[in-house]
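> My questions all concern the structure below.
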Amino acid sequence: MNVNPNDVRSLFESHYFLFAFLSSLGTLQIAVTSSGICGLWLMPYRRVTRLLGFMCIVTAIIVFFGQPLFVDGPWAAGSVQSESSTREWGTTSWNDLAGARNINDIHGGLDGVDQAIWFSLAVISAFVVSVGFGTISVKVGANSKEFSVDAKSHNSDGLTGLAHRSYFSNLPISMRNFHENSRNFWSDGVRSSDRWSLIKIISGSSTE
Amino acid sequence: MNSIDASLLIWLNGLSGSVKIFDDLMRVIASDYLMPLVLSLSMFGLWFSGKTPFQRMTFQLTTLMGISALLISNAVVWLINSLWHRPRPFLDHPDELNLLFYSPTDPSFPANPVAIGFAVATAAWVVNRQFGWWLFAAASLFGFSRVYAGVFYPTDVVAGALVGIAVYGFTTYLRRLLEPLATMMVRLARGFSVG
């Protein structure tokens with residue numbers, strides 16, 4: 001393959017980011033609908049949101065593995081040949097599609113570190129998108145049963161608070177609770193950790 | 001032992017080439033992108049899956065441990081690789097294997113993808129047996145596909161699985177050693193409304 005591996009890598013990065021973003025968005029939606037965290041729902045309806053989650057995952061897989069059919073890349077002419085260095089630049093055929101993405105990282109595929117970086121960015125993006133849509137969902141669905149507020153949950157924070165609040169309403173409460181209780185969290189944590197804890201051994205008697 | 005290992009590999013890889021759709025399926029599963037993403041997403045999903053505050057805390061601590069085990073597995077595999085460089089099977093048996101994957105340049109033993117898969121699956125299994133079994137199946141399928149494709153020996157996969165499980169055990173010990181750091185990280189995430 002007479003192609004600069006960096007060109008291949010930048011192509012892979014954009015494709016992989018879309019793949020990871022859509023599938024993380026889908027996974028997040030399925031997880032938050034099952035745990036009732038309404039503040040992150042794409043839509044104010046549980047079933048629709050869950051269905052959207054599944055659709056995001058399926059779309060991500062189809063797009064990522066189908067892209068070599070219509071986007072030029074290092075997968076033309078013979079992905080059935082295992083060796084990624086012998087391929088030409090272009091689109092692949094249906095026959096060769098399954099192996100088209102199998103490109104060694106030394107020829108421009110993404111190695112583990114690259115994947116970890118792009119996956120992290122994709123996960124953050126999926127969360128940000130969910131926060132945006134969730135804010136609208138909470139406003140639109142404010143009167144529905146799904147979003148009803150339990151009297152006990154007025155002071156709830158973190159993801160528990162997101163069960164009936166938008167991220168932006170929940171953040172100040174979570175920050176305040178953390179700020180007020182962080183010292184207790186630490187000392188309680190040290191006290192309740194078992195005798196193996198290095199931190200307990202080091203800080204020892206002062207927290208007993 | 002080596003000859004049984006090679007014979008088993010050659011027999012499994014010899015099944016390729018007869019049913020194209022199965023070969024294609026194995027190529028997709030063996031890909032560097034599908035299964036690693038599935039395993040990473042399982043941890044991401046687990047973080048948000050708790051239904052009660054207690055369950056959420058348990059799941060989130062497990063997610064942290066799963067991610068740590070994944071990273072430590074990589075380091076352990078790298079360490080073993082630097083101590084023993086077992087050549088890839090397609091180098092030892094070039095005329096007997098039908099390679100369905102590109103030729104990796106790193107050592108064969110133990111199988112890194114299987115090690116990280118089993119580390120993550122063990123983490124999931126600890127908090128949810130059913131979910132954990134599904135992930136064990138996914139990690140095993142990932143390993144099988146790489147053997148079928150001719151890039152790992154069966155013993156590489158078995159060793160990878162053992163490394164993954166052992167590293168998860170070590171990670172639980174490490175967590176006890178560093179407590180309450182992990183709990184504090186979850187509390188901090190809760191302060192930013194993501195935990």
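> Find the residue count for segment B:43-78, including only residues that are away from chain A (no Cβ under 12 Å) and of a type in the set (S, T, N, Q). First the steps, then the outcome.
Keep residues of segment B:43-78 that are away from chain A (no Cβ under 12 Å), which gives B:58, B:62, B:64-66, B:68-69, B:72, B:76.
Filter once more, keeping what is of a type in the set (S, T, N, Q): B:58, B:62, B:68.
So the answer is 3.
> Something else: Which helices (runs of 4 or more DSSP H) does segment B:16-89 wholly contain that include 1 or more residues that are touching a strand residue (DSSP E or B) at 6+ places or on another chain (Cβ under 9 Å) and surrounded by 16 or more Cβ atoms within 10 Å (Cβ to Cβ)? Even if it seems obvious, please write down each step before you answer.
Values: elements: B:20-30, B:34-48, B:53-83.
Qualifying helices (runs of 4 or more DSSP H): none found.
> Please list, ordered by residue number, the helices (runs of 4 or more DSSP H) wholly in segment A:95-208 having 1 or more residues that are within 20 Å of the chain's Cα centre (by Cα) and crowded, with 20+ Cβ neighbours inside 10 Å. Outline the logic, then answer.
On the way: elements: A:112-140, A:158-161, A:167-192, A:198-203.
Filter on segment A:95-208 gives A:112-140, A:158-161, A:167-192.
> Right, here's the next one. If the requirement is being at pLDDT 80 or above and facing another protein chain (nearest Cβ under 7 Å), which of these qualifies: A:Ser156, A:Ser166, A:Ser197?
Working: A:Ser156 fails: facing another protein chain (nearest Cβ under 7 Å); A:Ser166 fails: facing another protein chain (nearest Cβ under 7 Å).
Of the residues listed, the single one that is at pLDDT 80 or above and facing another protein chain (nearest Cβ under 7 Å) is A:Ser197.
> I'd like to know if segment B:151-169 contains one or more residues that are surrounded by 23 or more Cβ atoms within 10 Å (Cβ to Cβ), among the aliphatic types (A, V, I, L, M) and within 13 Å of chain A (Cβ to nearest Cβ).
Among the residues of segment B:151-169, at least one is surrounded by 23 or more Cβ atoms within 10 Å (Cβ to Cβ), among the aliphatic types (A, V, I, L, M) and within 13 Å of chain A (Cβ to nearest Cβ), which makes the answer yes.
> A further question follows. In segment B:114-129, which residue that is of a type outside the set (A, V, I, L, M, F, W, C) and farther than 21 Å from B:Leu34 by Cα is surrounded by the fewest Cβ atoms within 10 Å (Cβ to Cβ)?
As a first pass, look at segment B:114-129 and keep what is of a type outside the set (A, V, I, L, M, F, W, C): B:117, B:122, B:128-129.
Cutting the leftovers down to farther than 21 Å from B:Leu34 by Cα gives us B:128-129.
On the way: B:Asn128: 17, B:Arg129: 10.
Among those residues, the one meeting the criterion is B:Arg129.
> Within segment B:115-150, count every residue that is touching a Gly at 6+ places or on another chain (Cβ under 6 Å) and within 14 Å of chain A (Cβ to nearest Cβ).
Total meeting the criteria: 5.
> Taking the options B:Ser40, B:Ser3, name whichever one is at pLDDT below 95 and either more than 10 Å from every other protein chain (Cβ to nearest Cβ) or under 28 Å from A:Asp111 (Cα atoms) (or both).
Numbers: B:Ser40 fails: at pLDDT below 95.
Residue meeting the stated conditions: B:Ser3.
> Let me ask something additional. So if I check each of A:Ser14, A:Ser23, which one is buried (at least 24 other Cβ atoms within 10 Å of the Cβ), assigned to a helix (DSSP H, G or I) and not assigned by TED's automatic domain parsing to the domain that holds A:Ser169? Step through it out loud before you land on a result.
Numbers: A:Ser14 fails: buried (at least 24 other Cβ atoms within 10 Å of the Cβ).
On inspection, the qualifying residue turns out to be A:Ser23.
> Could you figure out which of (1) under 25 Å from A:Ala163 (Cβ atoms); (2) outside any helix (DSSP H, G or I) isn't true of A:Val3?
Only one criterion in (1) under 25 Å from A:Ala163 (Cβ atoms); (2) outside any helix (DSSP H, G or I) is unmet by A:Val3, namely (1).
> From the list B:Tyr102, B:Tyr173, exactly one residue is part of a helix (DSSP H, G or I), aromatic (Phe, Trp, Tyr) and modelled with pLDDT under 95. Which is it? Talk me through it step by step, then tell me what you get.
Details: B:Tyr102 fails: part of a helix (DSSP H, G or I).
Just one listed residue meets the conditions, B:Tyr173.
The values are calculated or read from the model by the stated rules, or taken from the named source; none is laboratory data. The structure displayed is predicted, hence computed values, not measured ones. Here Cβ is always computed from backbone atoms with ideal geometry, including for glycine, and neighbour counts include all displayed protein chains.
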